[in-house]
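Take a look at the structure set out below.
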Amino acid sequence: MDPRHSQIRLFIDHDLAEQMTVPLDAAHAHYLHTVMRKSVGTQIAVFNGRDGCFLAEVTELSRKSGVITCLSLQTAQWFSPDLWLLFAPVKKARLDFMAQKATELGASVIWPVKTAYTQVKHLKDERLRANAIEAAEQTERLDIPHVRDYSPLAEILKDWPADRALIFCDERLAGDQTTDSLRILSEIGGDKAAILVGPEGGFSMSEKEMIDALPHSYGISLGPRILRADTAALSALSLYQAVKGDWLATLSPPHNEVE
Ligand code: SAH
């Protein structure tokens, strides 16, 4: 295995460039010093979502602070497809899971939406963000999905951008033999899309009407079974990545390694 894959990878919200020294915040210092028992001289990988991934060396480290020095660019910056995930939030543990897995599957925006039948009243956006960052560190993506604030679906739909396809996971279509979801996805024009998954209670009639009225909305089925919302989100993300996104072998690989 490439030793790079077993390297510690940290997302650091600071400019990065060769030879630059970068301070570690208390959480990163604690992680390296106390959790991982690392010391000065340890090499790690760092990325900030815009400047690529750098090999860096720990040059100062204590329990609460530290400094790293960027040595060389390891991987040039690449971005995930412009694919949003809008979903009605589920309960805590499965919400963490959803944010982590959506990050692994390459969502560029994670957007919790309040629908008519959503049970969750308040949501800790910070927790979703922390989950997304941790998953990005592990999955070796170089961008962090943008987590938007919990917002009412009706308001989002009112201002829906004309150039973005809305892929609507429609439980009414479960098992509908005439809905060829792969064909529908492959025929969507443009490269800006969003997947919408509803709550356990499904969508209300008026929500369905608003969605259907959008010029660029596409209802898809995810098979004959009714899936829980988290399973539905991950299935739809996988389908999109396979048919339109960055699983396609015909696209130039995003991992343009630096020699
Ligand atoms: N209680 C609802 C199901 C909700 S499942 C009912 O029985 O009708 C939660 C969400 O997952 C749905 O709103 C839909 O967006 C998605 N979903 C689940 N199974 C699906 C399927 N087979 N096809 C398309 N979407 C599905």
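Criterion first (within 16 Å of the ligand (Cβ to nearest atom) and either among the hydrophobic types (A, V, I, L, M, F, W, C) or under 20 Å from Thr21 (Cβ atoms) (or both)) does Ala88 satisfy it? Answer is yes for this residue.
Give the residue, chosen from Thr103, Thr115, Thr139, that is more than 25 Å from Tyr31 (Cβ to Cβ) and touching a helix residue (DSSP H, G or I) at 6+ places or on another chain (Cβ under 6 Å).
Thr115
Residues of the stretch 187-211 that are away from the ligand (no atom under 14 Å from the Cβ) and surrounded by 11 or more Cβ atoms within 10 Å (Cβ to Cβ): Glu187, Ile188, Gly190, Asp191, Lys192, Ala193, Met210.
When only residues in the stretch 176-186 that are farther than 11 Å from Ala165 by Cβ and not β-branched (Val, Ile, Thr) count, which is surrounded by the fewest Cβ atoms within 10 Å (Cβ to Cβ)? Of everything passing the filter in the stretch 176-186, Gln177 is surrounded by the fewest Cβ atoms within 10 Å (Cβ to Cβ). Counting only strands (runs of 3 or more DSSP E) that sit completely within the stretch 85-202, those holding 1 or more residues that are modelled with pLDDT of 95 or more and over 17 Å from His216 (Cα atoms) correspond to 109-114. I need a count of the residues in the stretch 1-39 that are modelled with pLDDT of 95 or more, not basic (Lys, Arg) and not in a loop (DSSP other than H, G, I, E, B). Number of matching residues: 16. Sort out which residues of the stretch 212-244 are surrounded by fewer than 17 Cβ atoms within 10 Å (Cβ to Cβ), near the ligand (Cβ under 9 Å from one of its atoms) and touching a residue at least 12 places away in the same chain (Cβ under 8 Å), and write them in order of number. Once the filter is applied, which keeps residues that are surrounded by fewer than 17 Cβ atoms within 10 Å (Cβ to Cβ), near the ligand (Cβ under 9 Å from one of its atoms) and touching a residue at least 12 places away in the same chain (Cβ under 8 Å), the stretch 212-244 yields Gly223, Pro224, Arg225, Ile226, Arg228.
The values are calculated or read from the model by the stated rules, or taken from the named source; none is laboratory data. All values derive from a computational prediction rather than experimental measurement. Glycine gets a Cβ as well: all are built from the backbone with ideal geometry, and neighbour counts include every protein chain shown.
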